[in-house]
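Some notes on the structure that comes next.
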Amino acid sequence: MRPGTTSAARLCRVGRMRARRTCLAVPGSNPRFLEKAQGLPADEVFLDLEDSVAPLAKESARGNIVAALKEGDWGGKTVVVRVNDLSTSWTYRDVIEVVEGAGDRLHCLMLPKVEDASHVRWLDVLLTQVEKAVGLPVGVIGIEAQIESARGLVNVDEIAQASPRVETLVFGPADFMASIGMRTLVVGEQPPGYAEGDAYHYILMRILMAARAHGLQAIDGPYLQIKDVDGFRRVAARAAALGFDGKWVLHPGQIDAGNEVFSPAQDDYDHAELILDAYDYYTTVERRGAVMLGDEMIDEASRKMALVVAAKGRAAGL
Ligand code: GLV
Ligand code: MG
């Protein structure tokens, strides 16, 4: 446990799985988008101070974000602010101004370009100080850690367990592709010349393994061809099939597709609930461990798989 983080705060974080099927990026420099985002059906909004905000607009964007958090109606959304990365001169003021100004309206800060555990620890300590100063419960603000470089990926396990505040690992494909020298400019699509397999499979699986090993969510990053909703759906389905919990959306047109892709199909959800009911009946009333449900044999492992689908379906309101 990190210094200054109470066990109560750690306990309240354990098992906390916020809705994140779609995570909408909203530039903090654009008050109109900050207003519009409140009415859109994304599970998460993240108000951005990093790459979608020009250097000369960084300071005013902090003020826009604090005002939007305080005055806006964010409904049941997961509310996140992305601060600048630690190689810049902006990060500490981003954290202080946003959390002092509107920390009680915020679920998490997103830290981009996390390279190793020390980056997360730095944010944990600063958050603890600001939370104490403004009278928030210590540990209440979570961290989303973006993995977007070769170094971040190599250190992903230590990043995942660097602080009990960490809730998700987020893949940043654009920065990641630049970091490894991948020869394409189309974010999320296969690089030309790579005919066999999926160039992202290892990266996505590595992030997913670290997330699951440490009880975190795994979120896929953006698809930049915002007019190509079919392309978005195809790339999102790839991450959803592996087990990812959600994906960034950059445009309102991607939200419905994202919510659908990261929710189980109605048939799969109904089937999962049936497995849970049947398994419960056979193990408790008939005291049998492996039984037939129609043509399918189900056992304890089937129950665990059904629980995953049922939990996602219930969260999606199926
Ligand atoms: C997101 O931050 C990315 O680099 O893809
Ligand atoms: Mg990035």
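The values are calculated or read from the model by the stated rules, or taken from the named source; none is laboratory data. Bear in mind that the values here come from a model prediction, so they are computed numbers and not experimental data. Cβ: placed from backbone, ideal geometry, glycine included. Neighbour counts: every protein chain shown.
Scanning the range 177-201 for residues that are within 14 Å of ligand 2 (Cβ to nearest atom) and either in contact with a helix residue (DSSP H, G or I) (Cβ under 7 Å, 6 or more places away or on another chain) or within 19 Å of Asp230 (Cα to Cα) (or both) gives Ser179, Ile180, Val187, Gly188. Cβ-Cβ contacts under 6 Å between residues 6 or more apart (or on different chains), taken from a first residue in the range 191-216 that is within 17 Å of Gly152 (Cα to Cα) to a second residue that is of a type in the set (D, E, K, R), are listed as Ala210/Asp157. Asn64 passes every criterion in (1) touching a Pro at 6+ places or on another chain (Cβ under 7 Å); (2) within 16 Å of ligand 2 (Cβ to nearest atom) apart from (2). Would you be able to say whether some residue in the range 202-209 is part of a helix (DSSP H, G or I), over 18 Å from the mean Cα position of the chain (by Cα) and under 20 Å from Ala240 (Cα atoms)? So far as the range 202-209 goes, yes, one or more of its residues are part of a helix (DSSP H, G or I), over 18 Å from the mean Cα position of the chain (by Cα) and under 20 Å from Ala240 (Cα atoms). Residues that are within 16 Å of ligand 2 (Cβ to nearest atom), hydrophobic (A, V, I, L, M, F, W, C) and touching a strand residue (DSSP E or B) at 6+ places or on another chain (Cβ under 7 Å) within the range 164-176 comprise Leu169, Val170, Phe171, listed in sequence order.
A search for C-beta distances below 6 Å between a residue of the range 41-62 that is in contact (Cβ under 8 Å) with a residue 12 or more places away in the chain and any residue that is assigned to a loop (DSSP other than H, G, I, E, B) and surrounded by fewer than 18 Cβ atoms within 10 Å (Cβ to Cβ), counting only pairs 6+ apart in sequence or on different chains, returns nothing. A count restricted to the range 234-276 and to residues that are assigned to a helix (DSSP H, G or I) and farther than 20 Å from Ala315 by Cβ stands at 5. The residue list Lys247, Lys227 contains one member that is in the same structural domain as Leu24 (by the TED database) and exposed (fewer than 15 other Cβ atoms within 10 Å of the Cβ), which is Lys227.
Pro191 fails exactly one of the following numbered conditions: (1) crowded, with 19+ Cβ neighbours inside 10 Å; (2) in contact with a Ser or Thr (Cβ under 6 Å, 6 or more places away or on another chain); (3) more than 23 Å from Arg82 (Cα to Cα). What is the number of that condition? All conditions are met except number (1). None of Ser163, Ser149, Ser179 is on the phi < 0 side of the Ramachandran plot, within 22 Å of the chain's Cα centre (by Cα) and more than 16 Å from ligand 1 (Cβ to nearest atom) except Ser163. Between Arg16, Arg2, the distinction of being surrounded by 16 or more Cβ atoms within 10 Å (Cβ to Cβ), at pLDDT below 95 and charged (D, E, K, R) belongs to Arg2 only. Filtered by the rule that a residue be away from ligand 2 (no atom under 16 Å from the Cβ), part of a loop (DSSP other than H, G, I, E, B) and buried (at least 22 other Cβ atoms within 10 Å of the Cβ), the range 130-163 gives Gly139, Ile141, Ala162, Ser163.
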